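Laboratory data are not the source of any read-out in this text; all were calculated from the coordinates shown. For clarity, every value in this text was computed on a predicted model and none was experimentally measured. Methodologically, a virtual Cβ is constructed for each residue, glycine included, from the backbone with ideal geometry; neighbour enumeration extends over all protein chains shown.
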Amino acid sequence: MHYEGNIIRPPSEANSILLQVTVGCSHNKCAFCGTYRGERFKIKPDDVIMADIAFAAQYCKRQRRVFLCDGDALIIPQKRLLAILQAIRTQLPWVTRIGSYANTKSIAMKSDEELKTLHENGLGILYMGLESGDDQTLMAINKGASAERMIAMGRKAKQAGFKVSITVILGVAGRERSEAHAQATGRVLTQIDPDYVGALSLMLVPNTPMYEDYRTGRFPLLGPDEMLRELRTIFAETHLTQGLFHANHASNYLPIRARLPRDREAVLALIDKALAGRVALKPEWMRGL
């Protein structure tokens with residue numbers, strides 16, 4: 001396989017075939033993210049992508065999923081992206097699902113009909129980084145989209161038939177807007193009604209704007225209890241028709257895996273026990289991105 005630069009993927013795609021179709025991120029301006037700093041976004045040449053699909057056809061017969069790396073594969077022009085999906089379906093017939101990151105820009109660039117066509121050709125799940133439902137926080141982290149835009153594009157993806165997985169970040173609003181961030185995030189998640197929610201805890205990365213703000217005292221990093229209180233509020237404010245809410249990323253202090261609405265009261269009770277000191281939290285040395 002031909003890989004360039006940093007490769008990232010959602011935790012749930014750990015056992016997937018990682019097919020890199022773009023390099024970097026089409027936005028690449030988020031204040032907390034250092035993954036693609038200094039890396040220019042590009043779509044990889046078709047011949048390289050097709051060679052990697054051929055490689056996977058020979059050597060990746062045990063993997064049942066494909067994840068299209070990197071930061072935003074959905075932004076690939078429709079004709080080229082369809083050709084990639086069709087090559088996967090033809091050469092990797094055992095693959096049951098194809099996934100990709102997506103942002104509001106790339107979803108907006110596709111018509112409803114184009115999104116449905118992509119879904120019909122095997123693209124099954126889109127991962128969106130909401131990070132926060134609070135507009136002031138979204139502006140501060142330079143996310144490039146408002147909460148209303150996030151809601152509209154998340155719903156658009158769902159209406160096209162995709163499974164939608166949304167990531168939010170505990171602690172990303174700092175201390176002053178912690179409660180506003182948590183409440184607004186729960187409301188936005190409820191309005192999108194995704195199939196999956198993944199809550200991560202902020203871990204500062206050197207050479208990013210947010211790290212520099214922290215280093216110079218302009219941004220406070222929340223402690224474990226403050227992160228837990230945010231998690232409790234987000235969880236309490238999130239009402240999904242039927243979805244999984246995960247907070248079991250390596251960065252989190254308290255691993256949670258819940259199906260909503262079934263597990264709501266049990267999870268809230270667990271968080272309350274942790275806040276009261278009756279449930280042990282993950283030590284710092286065990287946390288990671």
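Just a few scattered comments:
- The stretch 24-155: C-alpha pair distances exceeding 26 Å, %: 27 percent
- Expected-Rg normalisation [2.2 N^0.38 Å, Cα atoms] applied to the chain: 1.00
- FRET efficiency, Glu265 to Ala108 (Cβ-Cβ, R0 51 Å, nearest 0.05): 0.85
- Rounded to the nearest 5, the antiparallel percentage of DSSP beta bridges internal to the chain is 20%.
- For the stretch 107-229, the Rg and Dmax computed from alpha carbons only, in angstrom: 15.9, 50
- Inter-part distance where the stretch 180-219 and the stretch 97-151 are each reduced to a Cα centre, Å: 16 Å
- Distance violations [Cα-Cα > 32 Å] among Lys156/Lys282; Lys29/Lys116; Lys105/Lys282; Lys116/Lys282; Lys61/Lys163: Lys156/Lys282; Lys105/Lys282; Lys116/Lys282
- Cysteines in the chain that, by Cβ-Cβ distance, have no pairing candidate under 4.7 Å: Cys25, Cys60, Cys69
- Put a dot 7 Å past the Cα of Met203, heading toward its Cβ, do the same for Met286, and the two dots end up 1.4 nm apart.
- Here the spin labels are modelled as points 7 Å beyond Cα on the Cα-Cβ line, and at Gln86 and Met139 they lie 4.6 nm apart.
- Under the span-like rule (Cα at least 27 Å along the axis, Kyte-Doolittle mean at least -0.5), DSSP H helices of the chain: none
- Listed by chain and number, the aspartates and glutamates whose alpha-carbon sits under 15 Å from that of Lys42, ignoring those within fewer than 8 places in the same chain, are Glu4, Asp70, Asp72.
- Restricting the calculation to Cα atoms, the stretch 145-289 yields a radius of gyration followed by a Dmax of 15.4, 45 Å.
- Rel. contact order, % - alpha carbon contacts under 8 angstrom, at least six apart, the stretch 11-280: 15 percent
- The label-point distance for Thr241 and Arg64, in a model that sets each label 7 Å from Cα toward Cβ, rounds to 2.5 nm.
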